[in-house]
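Enquirer: The structure is given below, and queries will be raised subsequently.
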Ligand SMILES: Nc1nc2c(ncn2[C@@H]2O[C@H](COP(=O)(O)OP(=O)(O)OP(=O)(O)O)[C@@H](O)[C@H]2O)c(=O)[nH]1
Ligand SMILES: [Mg+2]
């Protein structure tokens with residue numbers, strides 16, 4: 001008797017949602033960087049636990065949005081929660097205990113999510129993440145304060161990074177799945193189209209290399225993805241930056257930075273696709289990339305928000 005369902009993982013930016021998704025799936029399906037607002041649209045990952053199939057929906061971080069792209073991302077995150085059979089609210093426990101501006105922002109975002117869950121009359125599973133960074137005694141206070149809000153059914157203490165506590169969470173989620181057929185073949189882990197996945201991988205390398213220098217609005221688009229007769233694949237991508245002054249940052253001295261990004265992306269794509277990859281990256285300046293409707297549809301985001 002098989003079971004299956006959808007589980008949305010929601011939380012403030014940088015809580016570790018994509019890391020947890022990958023950990024539960026046991027494969028990399030969603031990109032991870034130290035930069036906030038890395039994930040821009042819901043990404044599905046398929047995890048198996050015995051006879052249960054758990055379709056995880058990694059969502060963009062929920063925060064106070066100002067720009068159109070931010071609003072579209074936050075809308076998509078709540079949309080993911082709305083459609084799911086179960087919700088995991090992932091909270092960065094270390095940030096709950098911290099006092100930096102970023103920590104306080106994360107605390108406010110977590111509080112706003114509690115309010116959002118209340119307003120939607122939803123119950124969520126609370127997962128306190130990054131326990132590898134905090135003292136056990138300190139966790140109990142954080143856990144109690146959140147649990148007392150009444151929006152959670154259970155609490156799990158985990159480290160998505162080390163895997164600590166994740167097996168228990170996975171079992172609990174599997175139990176919540178209703179009887180029914182699986183949505184995906186058992187051996188499938190992801191469902192992003194190759195073009196989009198390829199663009200995400202390059203964007204990850206871009207952020208990993210330039211997370212401090214790079215403007216938030218940088219984007220990557222696959223313009224061509226073509227199988228060649230010799231069994232290799234040709235991928236062409238455009239990296240969009242907002243200002244002319246950002247082009248040399250992405251290129252680096254003598255083109256070294258772009259070369260590094262291309263090399264890292266190509267290595268990962270080769271492994272993922274199991275084919276030799278020829279990757280060509282172009283850098284283009286487009287001030288209003290984030291104000292153009294055509295970029296939203298293929299990410300599954302709503303432009304009119
Ligand atoms: N120490 C520690 N770091 C973690 C853990 N989980 C995630 N991280 C780190 O936190 C950062 C953000 O992780 P992501 O998985 O990209 O977080 P996210 O919630 O998907 O972020 P957005 O997509 O930007 O909303 C990365 O540097 C991760 O390596 C954890 O359990 N412990
Ligand atoms: Mg993410």
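Enquirer: Within the P(r) computed for the chain, what percentage of the Cα pairs occupies the region above 24 Å?
Expert: 54 percent
Enquirer: Give the shape of the range 3-179 as rounded, prolate or oblate, defined through the alpha-carbon gyration tensor: a ≥ b ≥ c are the square roots of its eigenvalues, a/c under 1.5 means rounded, and otherwise the shape is prolate if a/b is larger than b/c and oblate if not.
Expert: rounded
Enquirer: Hey, another quick one. Nearest-5 percent of antiparallel DSSP beta bridges in the chain?
Expert: 35 percent
Enquirer: Tell me, in nm to one decimal, what length is gained between residue 162 and residue 244 on full extension, where the rule is 0.36 nm per residue of separation less the Cα-Cα distance?
Expert: Numbers: separation 82, 0.36 × 82 = 29.52 nm, distance 4.04 nm.
Once the chain is fully extended between residue 162 and residue 244, it gains 25.5 nm.
Enquirer: Run the simple label-point estimate for residue 27 and residue 51 please: 7 Å along Cα→C-beta, distance reported in nm.
Expert: 2.4 nm
Enquirer: Give me the number: length gained by fully extending residue 171 to residue 228, i.e. 0.36 nm times residue separation minus the C-alpha to C-alpha distance, one decimal in nm.
Expert: 16.2 nm
Enquirer: Using alpha-carbon pairs under 8 Å, 6+ residues apart, how would you state the relative contact order of the chain in percent?
Expert: Reported relative contact order: 19 percent.
Enquirer: To the nearest 10 degrees, how steep is helix 136-147 against the longest Cα principal axis of the chain, on a 0 to 90 scale?
Expert: 80 degrees
Enquirer: Further, regarding this structure: Relative contact order for the range 194-297 using alpha-carbon pairs under 8 Å, separation at least 6, rounded to a whole percent? Write down the numbers at each step before the final one.
Expert: Values: 151 pairs, mean separation 31.4, N = 104.
After rounding, I find 30 percent.
Enquirer: Need one number: nm distance between label points at residue 259 and residue 188, each 7 Å from Cα along Cα→Cβ, rounded to one decimal.
Expert: 4.0 nm
Enquirer: Can you tell me the orientation of helix 68-83 relative to the chain, as the angle in degrees between its alpha-carbon axis and the longest Cα principal axis, to the nearest 10?
Expert: Here the helix axis deviates by roughly 40 degrees.
Enquirer: Give me the number: length gained by fully extending residue 291 to residue 303, i.e. 0.36 nm times residue separation minus the C-alpha to C-alpha distance, one decimal in nm.
Expert: Net length gain for the segment: 3.5 nm.
Enquirer: Roughly how tilted is helix 194-210, in degrees to the nearest 10 and between 0 and 90, from the longest Cα axis of the chain?
Expert: Roughly 90 degrees, rounded to the nearest 10.
Enquirer: Moving on. Express as a percent, rounded to the nearest 5, the fraction of DSSP beta bridges in the range 152-284 (both residues included) that run antiparallel.
Expert: 50 percent
Enquirer: Something else now. Using the beta-carbon distance between residue 2 and residue 275 and R0 = 25 Å, what value does 1/(1 + (r/R0)^6) give for FRET efficiency, to the nearest 0.05?
Expert: 0.15
Enquirer: Rounded to the nearest 500, what is the 222 nm mean residue ellipticity of the chain from helices alone, with -39500 (n - 2.57) per DSSP H run of 4+ residues and division by all residues?
Expert: After summing the helix terms and dividing by the residues of the chain, the value is -11500 deg cm²/dmol.
Enquirer: Whole Å is fine, so just give me how far the alpha carbon centre of the range 185-212 lies from that of the range 1-79.
Expert: Comparing the Cα centres of the range 185-212 and the range 1-79, I get a distance of 13 Å.
Enquirer: Would you kindly calculate the mean projected area, averaged across all directions, of the convex hull enclosing the Cα atoms of the range 88-146, in square nanometres?
Expert: Working: hull surface 15.5 nm².
Orientation-averaged projected area of the Cα hull: 3.9 nm².
Enquirer: So how do 67, 203 line up by other beta-carbon neighbours within 10 Å, fewest first?
Expert: Ordered from fewest to most neighbouring Cβ atoms within 10 Å, 67, 203 come out as 67, 203.
Enquirer: Could you list 144, 28 in order of exposure, starting from the residue whose Cβ has the fewest other Cβ atoms within 10 Å?
Expert: 144, 28
Enquirer: Taking Cα pairs under 8 Å and at least six residues apart, what relative contact order does the range 1-54 come out at, in percent?
Expert: Relative contact order for the range 1-54 comes out at 41 percent.
Enquirer: If we restrict to alpha carbons, what Rg and Dmax does the range 121-170 come to, in Å?
Expert: Cα only, the range 121-170: 11.1, 33 Å (Rg, Dmax).
Enquirer: Right, here's the next one. So for 88, 285, 36, 134, fewest C-beta neighbours within 10 Å to most, what's the order?
Expert: Fewest to most other Cβ atoms nearby, the residues stand as 285, 36, 134, 88.
Enquirer: Between residue 149 and residue 67, what is the label-to-label distance in nm when each label sits 7 Å out along the Cα-to-Cβ direction?
Expert: Those two pseudo-labels are separated by 2.7 nm.
Enquirer: Under a no-solvent Debye model with one identical scatterer per Cα of the range 194-297, what's log10 I(q)/I(0) at q = 0.15, 0.16, 0.25 Å⁻¹?
Expert: The Debye formula, applied to the Cα set alone, gives -0.59, -0.67, -1.41.
Where a number appears in this text, it was derived from the coordinates with a stated rule and is not lab data. Only a predicted model underlies this, so the values are computations on that prediction, with no experimental measurement involved. Don't worry about glycine lacking a Cβ; one is built from the backbone with ideal geometry, like all the others, and counts go over all protein chains shown.
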